[in-house]
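Notes follow once the structure below has been shown.
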Amino acid sequence: MTNSLNQVYPVIWHNNAVSLIDQTRLPNEYTFVEISRSEDMARAIKTMIVRGAPAIGVAAAYGIYLGAREIETTNREEFLAQLEKVAQLLSETRPTAVNLFWAISRMMKTAYGSLGTVEELKQTLWQTAQNINSEDLQTCQAIGDNGLQALPSSPDKLTLLTHCNAGALATAGYGTALGVVRSAWRSGRLERVFADETRPRLQGAKLTTWECVQEGIPVTLITDNMAAHCMKQGLIHVVVVGADRIAANGDTANKIGTYSVAIAAKAHQIPFFVAAPLSTIDFALSDGSMILIEERHPEEIYQVGETILAPTGVEFYNPAFDVTPAELITAIITENGVFAPSDLVKSQVKQVA
Ligand code: MRU
């Protein structure tokens, strides 16, 4: 939903159910899907009605509550056993974005740690899902503001390139990479955004440009294979992207194509920033080779609308994410500050200055 400031909130609690912006229909239709069952939430995450790492975390948190609401027993142990099945279902939706598992784990820890009746426990789970949603919004605003401080001081007005959609639609609102864009725009530091279209699902073309248009941010859409050329022409000052999972050493999984943008940025000495909440950092993984990369249906490659793009007999490979090595990343922008990838462990400590 949007308010008068054209803020976009992709996941909201409304009328005793969850309202999701149907991101599969943007930019042509701005519609909502009402979800009141955990199974439907799992399907919405899988089919990418809701997508983007923090947003699927928020959606999964509500999914846990919806599942809790469906459980009829008043016996606490029986309730927790059934809730584990809901958690399992939701965690099987998408493998790469760690925010999904982070949110499910936070909800389950809340369930196990809460005293009182099953009815009270359900209420606590609802409140926790609401908190995850509102905290993510604040986190994104902090990321935007920290990112603004990290931008090069010259030229006065910058052009930023981004890949995929790490905007309000991909979070509770405001966005991570697009949060930096928003903060730069609102403080007069932004000239324009270049948005990679982001084959095969076109999140850049369909979602990032839509968000920019809502807020009046000047945006230029390019196809993915134009990014290096634009850099060489001097059209790009900074790259800022989101993340689905960041390993302890700073290696970053994000939408497929991010890695090639990072290589091109390095070749042209353009700063390459990753903007992400701490909930996207997986300190359990020492490096990016351990990140599980989702593979999606080949149809995303060979079909656009009704048009088939390749002859029969062709084989396809459709990884949805890639891993950008830490050495290609200038810094990681979090709600706690901006860190060199090698200093990521310090991000867990709130900066005082
Ligand atoms: O497959 P998607 O659309 O869920 O992938 C989204 C991305 O790769 C985003 O860049 C990432 O989740 C960061 S969102 C703030």
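Here, each number is a calculation from the coordinates, and none is a lab measurement. Fair warning: this is a prediction, and the values are worked out from it, not measured in the lab. Don't worry about glycine lacking a Cβ; one is built from the backbone with ideal geometry, like all the others, and counts go over all protein chains shown.
Give a residue-ordered list of calculated ³J(HN,Hα) values for the range 146-153 (Karplus: 6.51 cos²θ - 1.76 cosθ + 1.60, θ = phi - 60°; whole Hz; x for Gly, Pro).
5, x, 4, 5, 7, 5, x, 6
How much net charge surrounds Q130 when only the other residues with a Cβ under 15 Å from the Cβ of Q130 are counted, with Lys and Arg +1 and Asp and Glu -1?
Taking every Cβ under 15 Å from that of Q130, the sum is +1.
Between S134 and H14, with labels modelled 7 Å along Cα→Cβ, what's the label distance in nm to one decimal, could you check?
The two pseudo-label positions are separated by 1.9 nm.
Taking the Cβ-Cβ separation of Q348 and Q303 as r and a Förster radius of 45 Å, what is the calculated FRET efficiency to the nearest 0.05? Let's see the in-between values first.
Values: r = 44 Å, r/R0 = 0.97.
For Q348 and Q303, the calculated efficiency is 0.55.
Once you mark the GluC sites (Glu not before Pro) that are in a DSSP loop and have at most 14 other Cβ atoms within 10 Å, what is the longest gap between them in the chain? Kindly include the intermediate steps, with their values, before the conclusion.
Values: sites that count: E29, E72, E92, E306, E315.
Longest run free of exposed loop sites: 93-305.
In terms of modelled amide H atoms, which long-range or inter-chain residues lie less than 5 Å from the amide H of I281?
Residues meeting the amide H criterion: I246.
Straight-line reach only, C-alpha to C-alpha below 18 angstrom: list the aspartates and glutamates that K157 could link to, leaving out same-chain residues fewer than 8 apart.
Once the sequence-local aspartates and glutamates are set aside, what remains near K157 is D145, E191, E215.
Size of the range 152-352 along its principal axes in angstrom, Cα-based, largest extent first?
Rounded to whole Å, the extents work out to 59, 40, 34 Å.
Percent relative contact order of the range 152-352, based on C-alpha pairs within less than 8 angstrom and at least six residues apart?
Values: 402 pairs, mean separation 39.5, N = 201.
Here the relative contact order equals 20 percent.
Farthest toward the dipole's positive end in the range 11-139, which of L100, Y112, G63, given Cβ charges of +1 (Lys, Arg) and -1 (Asp, Glu) about the Cα centre?
Checking the options against the dipole of the range 11-139, the answer is L100.
Do you know the relative contact order of the chain, to the nearest whole percent, from alpha carbon pairs under 8 angstrom that are 6+ apart? Don't skip to the end; give the middle numbers.
On the way: 740 pairs, mean separation 55.2, N = 353.
Value for the chain: 16 percent.
Identify which of L278, L100, L115 has the largest mean-square fluctuation in a Gaussian network model of the chain, with springs joining Cα atoms closer than 10 Å.
Among L278, L100, L115, the largest GNM mean-square fluctuation belongs to L115.
Excluding residues fewer than 8 places away in the same chain, name every one of the lysines whose C-alpha is closer than 28 Å to that of K85.
Partners within reach: K46, K109, K122.
Once you have the Kirkwood Rh of the range 11-139 from its Cα pairs, apply Stokes-Einstein at 25 °C and 0.890 mPa s and quote D in µm²/s. Write down the numbers at each step before the final one.
Details: Rh = 14.5 Å.
Taking Rh from Cα pairs, D becomes 169 µm²/s.
Hey, can you grab everything whose amide H is under 5 Å from the amide H of F194? Only 5+ residues off in sequence or another chain; H modelled, so Pro and N-termini drop out.
Amide H neighbours of F194: L160, L161, T162, T220.
Would you mind checking the radius of gyration and Dmax of the chain based on alpha-carbon positions, in Å?
19.9, 66
Relative to the present Cα-Cα distance, how much length would full extension add between R69 and V213 at 0.36 nm per residue of separation? Each step should come with its number before you reach the end.
Numbers: separation 144, 0.36 × 144 = 51.84 nm, distance 3.83 nm.
The span from R69 to V213 would gain 48.0 nm if fully extended.
Can you tell me which of R192, R25, R51 moves the most in a GNM of the chain? Springs connect C-alpha atoms under 10 Å apart.
R25
Run through all the Cα pairs of the range 256-330 and give the fraction in each 5 Å bin from 0, expressed as whole percent.
Spelled out bin by bin, the range 256-330 gives 3, 12, 17, 19, 15, 13, 11, 8, 2 percent.
Which of S153, S279, S36 moves most in a GNM of the chain, Cα contacts under 10 Å?
Result: S153 has the largest fluctuation of those listed.
Kindly state, to the nearest 0.05, the FRET efficiency for K232 paired with A310, given R0 = 30 Å and r defined as their beta-carbon distance.
According to the calculation, E is roughly 0.50.
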